[in-house]
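Report on one structure; see the data block that follows.
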């Protein structure tokens, strides 16, 4: 996750004081764990990576197993759990799991589609002490309901935001931009203010179908750049106003270099300081500082790697699985710098983005270390040229990998 607002608040402070703020170093810790506790969902969304449906799935972790895993995660230094699904509110023991997570001292988030949250459910969520609830909106009413394949889904999710706000739960909007909903982004940013949400998570589509060449002319990349400009402008206005609203992005670590370019054009005196901060951030954290456990207990480098199984927490503790670099993929993801190829290998921003999202390269070319086709920076901007490739699958095949949200 790229914390846009964090960096722009630092820049606003630097502008006000004349000195870039020092940042407290954090000690060693384990990864943030996104935990898909259940695969069942009351919706069948077009962009679901879990391919969820409204029925039970056999073999999911029991409550005692969840508690055992949670104890290992705590001992391993995991700071945060994001409880997800499917739709996590369909898991009958969710609030027992949440209570245990809070008791063990985890920062605990809930990722939900929001359609099941009425006033009583909002009160239960508040009582459970969730630090944050993310509710997914794919656009305004017509767009969202089409994506969610349920008429009225938008109104129910919007009502959930209001119910949560009334009981003091911090809530944010989650949005994945595609060619079919990009036109709704400005309105959603305005809606965030209207409904009192305090966070906007912009997820890039894990797109792997175009973009190997002519990135500066690719329509998808141009719309991505325009969207990031809009997010940066909103976050900068909020930072200068002293607002605590957060704007963050995910699934495309080119956002870091693109913000550096944005600052170079507007606040060039702080470019060097920001570059140091972005290098310290380190870019893509799959297999490093973000992890995924699916509903059956299988561990993955992140939520987009469900096709790559690192092992089961029923057979080995998560802590052992995560530190095991006998798996070539994990060894490469943990390597610094990563063994990336193509233009990523000679990119001037490699130390910032860490080679971006490896799953896109793997799905398009069969080679996880090839250049990321989702990078929206031009060859001139990164100081490297794109490398032609031929997919080991069918030549000319274009596949799209989509990020899921609850």
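The values are calculated or read from the model by the stated rules, or taken from the named source; none is laboratory data. All figures in this text were calculated on a predicted structure; none of them were measured in a lab. Here the Cβ positions follow ideal geometry from the backbone for every residue, glycine too, while neighbour counts run over all protein chains shown.
If you go through the range 347-370 and pick out every residue that is at pLDDT below 95, crowded, with 24+ Cβ neighbours inside 10 Å and more than 20 Å from the chain's Cα centre (by Cα), you end up with 1. Might you let me know whether the range 62-69 holds any residue that is surrounded by fewer than 19 Cβ atoms within 10 Å (Cβ to Cβ) and at pLDDT below 95? No, every residue in the range 62-69 fails to be surrounded by fewer than 19 Cβ atoms within 10 Å (Cβ to Cβ) and at pLDDT below 95.
Here residue 154 does not qualify as touching a helix residue (DSSP H, G or I) at 6+ places or on another chain (Cβ under 6 Å) and under 30 Å from residue 30 (Cα atoms). Going by what's in this entry, would residue 114 be described as on the phi > 0 side of the Ramachandran plot, crowded, with 21+ Cβ neighbours inside 10 Å, over 17 Å from the mean Cα position of the chain (by Cα) and not in a strand (DSSP E or B)? Judged against the criteria, residue 114 is a match. Helices (runs of 4 or more DSSP H) fully within the range 245-355 that include at least 3 residues being closer than 16 Å to residue 377 by Cα and in contact (Cβ under 8 Å) with a residue 40 or more places away in the chain: 255-266, 350-353.
Criterion first (modelled with pLDDT of 95 or more, crowded, with 17+ Cβ neighbours inside 10 Å, more than 27 Å from residue 76 (Cβ to Cβ) and within 21 Å of the chain's Cα centre (by Cα)) does residue 293 satisfy it? Considered against the rule, which asks whether it is modelled with pLDDT of 95 or more, crowded, with 17+ Cβ neighbours inside 10 Å, more than 27 Å from residue 76 (Cβ to Cβ) and within 21 Å of the chain's Cα centre (by Cα), residue 293 comes out as no. The residue of the range 128-141 that is surrounded by the most Cβ atoms within 10 Å (Cβ to Cβ), among those that are in contact with a helix residue (DSSP H, G or I) (Cβ under 8 Å, 6 or more places away or on another chain) and outside any loop (DSSP other than H, G, I, E, B), is 136. The set of residues from the range 39-49 being touching a helix residue (DSSP H, G or I) at 6+ places or on another chain (Cβ under 6 Å) and either closer than 9 Å to residue 86 by Cα or at pLDDT 70 or above (or both) comprises 40, 43. Filtering the range 159-172 to residues that are free of Cβ contacts under 8 Å to residues at least 40 places away in the same chain and assigned to a helix (DSSP H, G or I) leaves 162, 165.
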